[in-house]
Amino acid sequence: AKDKGRDNAQFFTPKMASIVSKKFGFEKEINEALLLEQFHLVFQPQAFMGKENIVALEALIRWDHPTKGIISPAEFIPIAEESSLIMKIDEWVIDQALKQQKSWQDQGLALVPVAINLSGRHLVSDSLVPYISKKLKDYGIKGGLLEIEITEGVLLQDIERCIDVMAELKILNIKISVDDFGTGYSSLSYLKRLSLDTLKIDKSFVEECDLHTEDTSICEAIIHLARNLNLTVVAEGVETVSQVRVLKSLGCEIFQGYYYYKPMKNDQIVCLLAKTHSE
Ligand code: C2E
Ligand code: CA
Ligand code: CA
Ligand code: CA
């Protein structure tokens with residue numbers, strides 16, 4: 001449409017202009033945020049059976065905006081994903097997460113894998129594996145202490161390329177999770193072709209798993225599927241004891257959600273890991 005030039009100008013309404021300028025303004029701000037170090041990571045623990053046993057931490061990005069306060073990733077990640085900005089953010093997240101692991105390692109804390117969210121664009125790019133392996137080496141962190149979360153939809157866009165990249169990540173011993181599992185409405189045949197470790201049950205199914213038999217059944221099916229494929233299963237967005245009871249009765253053992261822990265800053269994570277260590 002771009003090359004049709006001026007003839008199309010009549011379709012470009014003031015409303016569209018305002019949306020576009022807002023978007024580009026936002027992109028510029030995201031760029032500045034990277035330079036001015038306005039991002040930080042928080043970490044949400046995944047608990048095995050009870051609160052005491054932490055088996056992983058998911059890194060979640062936050063933006064301390066100078067005037068708007070803390071902005072949720074749900075607001076800016078989708079915009080960043082429309083341009084190459086997402087690559088810069090993803091690389092920042094990988095760097096920060098591994099830097100944090102190094103600091104916890106230096107403090108002699110009991111380490112657990114840190115899971116990061118990667119965009120699809122980044123997963124299939126040539127630069128991901130070299131970048132990660134360099135960072136692991138620079139910080140002296142074992143690949144087994146890094147986990148990558150990819151949403152189901154992303155895996156289906158370019159399955160052959162995903163298979164190759166994941167095989168390379170496996171060589172580095174990096175773990176791979178399918179995020180928001182069950183929302184992709186897809187054929188499941190891809191599951192056996194990819195080197196996966198974990199399925200994360202989307203929180204939309206967890207939310208009412210104790211109230212509606214449809215949701216209970218979907219959780220049950222995912223838990224059985226994971227078991228039969230020899231994958232770990234994690235329930236995310238767990239908020240109540242009643243959800244935990246139902247999910248446990250279905251065979252789920254790992255939980256992530258406000259019922260156990262909210263995403264936390266570094267200092268709280270240090271306390272938590274220190275407690276785990278002394279037990
Ligand atoms: P996600 O990967 O599905 O992350 C889980 C989201 O659920 C997080 O929201 C988390 O704070 C929230 N959550 C955790 N437990 C509960 C609960 O019990 N109840 C409810 N209602 N919510 C819970 P958050 O941090 O706002 O992140 C939103 C999304 O933004 C993430 O969804 C992920 O897709 C994306 N995202 C977050 N951090 C990053 C990042 O560093 N890089 C990229 N590419 N995407 C990110
Ligand atoms: Ca995630
Ligand atoms: Ca998720
Ligand atoms: Ca999500």
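What about Ala235, is it within 16 Å of ligand 2 (Cβ to nearest atom) and not in a loop (DSSP other than H, G, I, E, B)?
Yes; evaluated as a whole, the condition is true for this residue.
So which of Lys22, Lys68 ends up being out of contact with any Ser or Thr (no Cβ under 7 Å at 6 or more places or on another chain) and modelled with pLDDT of 90 or more?
Only one candidate qualifies: Lys68.
Of all residues in the range 35-54, which are over 22 Å from Val178 (Cα atoms) and surrounded by fewer than 15 Cβ atoms within 10 Å (Cβ to Cβ)?
Those that are over 22 Å from Val178 (Cα atoms) and surrounded by fewer than 15 Cβ atoms within 10 Å (Cβ to Cβ): Leu35, Leu36, Glu37, His40, Gly50, Lys51, Glu52.
Inspect the range 218-228 for any residue being farther than 20 Å from Glu147 by Cβ, buried (at least 18 other Cβ atoms within 10 Å of the Cβ) and within 16 Å of ligand 1 (Cβ to nearest atom) and give the result as yes or no.
Among the residues of the range 218-228, at least one is farther than 20 Å from Glu147 by Cβ, buried (at least 18 other Cβ atoms within 10 Å of the Cβ) and within 16 Å of ligand 1 (Cβ to nearest atom), which makes the answer yes.
Is there a residue being within 16 Å of ligand 4 (Cβ to nearest atom) and part of a strand (DSSP E or B) anywhere in the range 120-141?
no
Among the numbered conditions (1) within 16 Å of ligand 1 (Cβ to nearest atom); (2) touching a helix residue (DSSP H, G or I) at 6+ places or on another chain (Cβ under 8 Å), tell me where Ser177 comes up short.
The failed condition is (2).
Just name the residue that is farthest from ligand 2 (Cβ to nearest atom) out of those in the range 36-66 that are acidic (Asp, Glu) and touching a residue at least 40 places away in the same chain (Cβ under 8 Å).
Across the range 36-66, the extreme among qualifying residues is Glu52.
What is the residue count in the range 67-92 for residues that are in contact (Cβ under 8 Å) with a residue 12 or more places away in the chain, within 16 Å of ligand 4 (Cβ to nearest atom) and among the charged types (D, E, K, R)?
2
If you check Ser195, Ser204, Ser242, Ser187, which single one turns out to be small (Gly, Ala, Ser) and within 16 Å of ligand 3 (Cβ to nearest atom)?
Criteria check complete, one pass: Ser204.
For the range 260-279, name all the residues that are surrounded by 14 or more Cβ atoms within 10 Å (Cβ to Cβ) and either over 20 Å from Val114 (Cα atoms) or among the aliphatic types (A, V, I, L, M) (or both).
Answer for the range 260-279, where residues must be surrounded by 14 or more Cβ atoms within 10 Å (Cβ to Cβ) and either over 20 Å from Val114 (Cα atoms) or among the aliphatic types (A, V, I, L, M) (or both): Met264, Ile269, Val270, Leu272, Leu273, Ala274.
Specify the residue that is nearest to Ile141 (Cα to Cα); the eligible residues are those in the range 55-87 that are surrounded by 15 or more Cβ atoms within 10 Å (Cβ to Cβ) and charged (D, E, K, R).
Ranking the qualifying residues of the range 55-87, first place goes to Glu58.
Just checking, how many residues over the range 165-195 are closer than 22 Å to Glu236 by Cα, part of a loop (DSSP other than H, G, I, E, B) and at pLDDT 95 or above?
Adding up the residues that qualify gives 1.
So, Lys135, is that one at pLDDT 95 or above and either open to solvent by less than 30 Å² (accessible area, probe 1.4 Å) or under 17 Å from Ala56 (Cα atoms) (or both) or not?
In short, no.
The values are calculated or read from the model by the stated rules, or taken from the named source; none is laboratory data. Bear in mind that the values here come from a model prediction, so they are computed numbers and not experimental data. With ideal geometry, Cβ positions are generated from the backbone for all residues, glycine too; neighbour counts draw on all protein chains shown. Note: accessible area is taken over every heavy atom of the protein model, side chains too, but ligands, DNA and RNA are not part of it. Shrake-Rupley method; radii C 1.70, N 1.55, O 1.52, S 1.80 Å.
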